[in-house]
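Every number in this text was worked out from the coordinates using simple rules, so none of it is lab data. Just so it is clear, the model here is predicted, and its values are computed rather than measured.
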Amino acid sequence: MILSFDWSFGGEDLIDLDEYFLVGLGDGTGDYFGADGSLGFLLEQLVYGSGSSSFVLDPSYANSTGWTLEFQLAAGYNGYGSYLNIDNVALQAVSANVPEPSVLWLLTIGLLGLSNIKRNKKLGVMK
């Protein structure tokens, strides 16, 4: 599975950036986990900015329940405000190695061509 989202993080603290945000997968215990299933985070953002993030999740997540996607904003301690915008959150299943349709068409055309050559040799059309 591929998890992706867009984010924008900013605020009023322009001198001492003691604000950050974290993104992790939660199992209900208060712990955060990364894309590979180990303790940690998917994303730790320590400076203001914006971007798009995409993570290939360990296959074990697909067969388990109770997981949550958690975003945590740690606002600064100096009284300044901060914000976190999350948009376009998507979870896509990754299919097995299925060839593109164009590859299948090329294979079919090649096999038809080979069978046509064999047929022509049988009929004596080709020398």
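Would you mind calculating the gained length between T108 and L39 on full extension (0.36 nm times residue separation, minus the Cα-Cα distance), in nm to one decimal?
The T108-L39 span can extend by a further 20.1 nm.
Between L46 and D31, what length comes free when the chain is fully extended (0.36 nm per residue of separation minus the Cα-Cα distance, one decimal in nm)?
3.5 nm
In nm, what is the difference between 0.36 nm times the number of residues separating N63 and D18 and their Cα-Cα distance?
Length gained, N63 through D18: 12.4 nm.
Translational D (Stokes-Einstein, µm²/s) of segment 2-94 at 25 °C and 0.890 mPa s when Rh comes from the Kirkwood sum over C-alpha pairs?
This corresponds to a translational diffusion coefficient of 173 µm²/s.
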